[in-house]
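To keep things clear, I will list the structure first and then write my remarks on it.
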Amino acid sequence: MKLLFKILIGGLVLLTMAFAQEPKHAVVAQEPAAPSAASTTQMIATGSPQRPAPVVAPKALPPLNPSLGEIARKARAAHDAAPKAQVILADDAPPKE
C-alpha cells in the first residue's frame, strides 16, 4: 500500500512536469515603446504646490523630583531591608515525642 502511494505521488509529479509549458512570446517587450508625447514631469491634481512636511520638535519632559537615581537607591534599600526567608535544615527523622 505504501509503495503504491509513493508511485502514485511520483507519477503525479512527473505528469505535472510533462504538462509544463514554455511561453511562446516574450513576457516583456524587447524593443522600447515609442516615446509618448506626454511630458514626464509630475503634475499635482489640485494645482497647488505640495507643502513641505511639518517639522515636529519633541517636547522635553520636566525634570523628575526626586530623580530616577534617588528612586532606584530607595527601592534597593527597601529591598535589602525587607524580611527574607530563613533557611531551615530539616532532617528526615520523625519528631520524637
Quiz item: By how many nm would the segment from residue 89 to residue 3 lengthen if fully extended, with 0.36 nm per residue of separation less the alpha-carbon distance?
Solution: 24.5 nm
Quiz prompt | Note, ³J(HN,Hα) from phi for region 82-88, Karplus 6.51, -1.76, 1.60, rounded to Hz, x at Gly and Pro | solution = 5, x, 10, 5, 9, 7, 10
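Every number in this text was worked out from the coordinates using simple rules, so none of it is lab data. Since we're looking at a predicted model, the values are computed, not measured.
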